[in-house]
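Each remark here refers to the structure printed beneath this line.
The values are calculated or read from the model by the stated rules, or taken from the named source; none is laboratory data. As the structure is a prediction and not an experimental result, all values here were calculated from the model. Don't worry about glycine lacking a Cβ; one is built from the backbone with ideal geometry, like all the others, and counts go over all protein chains shown.
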Amino acid sequence: MLKLIRLILGSIIAFIDILTRGPKLKRSPEQQNSVIAELKSLSLYQFKLCPFCIKVRRAMHKLNLPIETKDAKNDPKARELLLSEGGKIKVPCLRIDENGEVKWLYQSSEINRYLSGRFCKAC
């Protein structure tokens, strides 16, 4: 019963998100290409209908950040990597690979703060 409620509520939240997203941040083509190059070091582990994951994907949309997403619910490899390297199966989780060091950032608010701070200096 709880799974059904989560499915229904998650679907409603996802639908509302799509309807109310708003425009993406505009950058020059050169700036956007630079951002895209930086994004290669990031990936978001998520569940499609998780409200907190939707919150992060919404921020990614507004900041125009096409970060690779991994479905930790339906992709066994992504789920195993999240558990073995991240330490727990909890989403959303942003994997940050910089200078050969990997960090796993949990909590939607912290992820959004990190993304805004790194990619939106003037926002």
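Numbers below:
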{"read-out": "Yes/no for residue 67 being among the β-branched types (Val, Ile, Thr) and surrounded by 15 or more Cβ atoms within 10 Å (Cβ to Cβ)", "value": "yes"}
{"read-out": "Near pairs, Cβ below 6 angstrom, 6+ apart or cross-chain, from region 103-123 (within 18 Å of residue 87 (Cβ to Cβ)) to any residue that is among the β-branched types (Val, Ile, Thr) and surrounded by 15 or more Cβ atoms within 10 Å (Cβ to Cβ)", "value": "103/96; 105/111; 108/56; 111/56"}
{"read-out": "Check on residue 79, in contact with a Leu (Cβ under 9 Å, 6 or more places away or on another chain), basic (Lys, Arg), in a helix (DSSP H, G or I) and closer than 23 Å to residue 9 by Cβ", "value": "no"}
{"read-out": "Scan of region 82-100 for residues that are charged (D, E, K, R) and in a helix (DSSP H, G or I), ordered by number", "value": "85"}
{"read-out": "Selection status of residue 108, closer than 25 Å to residue 4 by Cα, of a type in the set (Gly, Ala, Ser) and either under 12 Å from the mean Cα position of the chain (by Cα) or crowded, with 17+ Cβ neighbours inside 10 Å (or both)", "value": "yes"}
{"read-out": "Region 38-56 residues that are among the basic types (Lys, Arg) and at pLDDT 95 or above, paired with ones that are crowded, with 17+ Cβ neighbours inside 10 Å and in a helix (DSSP H, G or I) (beta carbon under 6 Å, 6 or more apart)", "value": "55/108"}
{"read-out": "Given (1) surrounded by fewer than 12 Cβ atoms within 10 Å (Cβ to Cβ); (2) assigned to a helix (DSSP H, G or I); (3) at pLDDT 95 or above; (4) within 17 Å of the chain's Cα centre (by Cα), index of the condition residue 103 fails", "value": "(2)"}
{"read-out": "Residue that is surrounded by 12 or more Cβ atoms within 10 Å (Cβ to Cβ) and over 16 Å from the mean Cα position of the chain (by Cα), where the choices are 80, 38", "value": "80"}
{"read-out": "Pairs with Cβ under 6 Å, 6+ apart, first in region 10-32 and modelled with pLDDT under 90 and surrounded by 10 or more Cβ atoms within 10 Å (Cβ to Cβ), second of a type in the set (A, V, I, L, M, F, W, C) and outside any loop (DSSP other than H, G, I, E, B)", "value": "none"}
{"read-out": "Matching entry among 94, 82 (being more than 19 Å from residue 113 (Cα to Cα) and either charged (D, E, K, R) or touching a strand residue (DSSP E or B) at 6+ places or on another chain (Cβ under 8 Å) (or both))", "value": "82"}
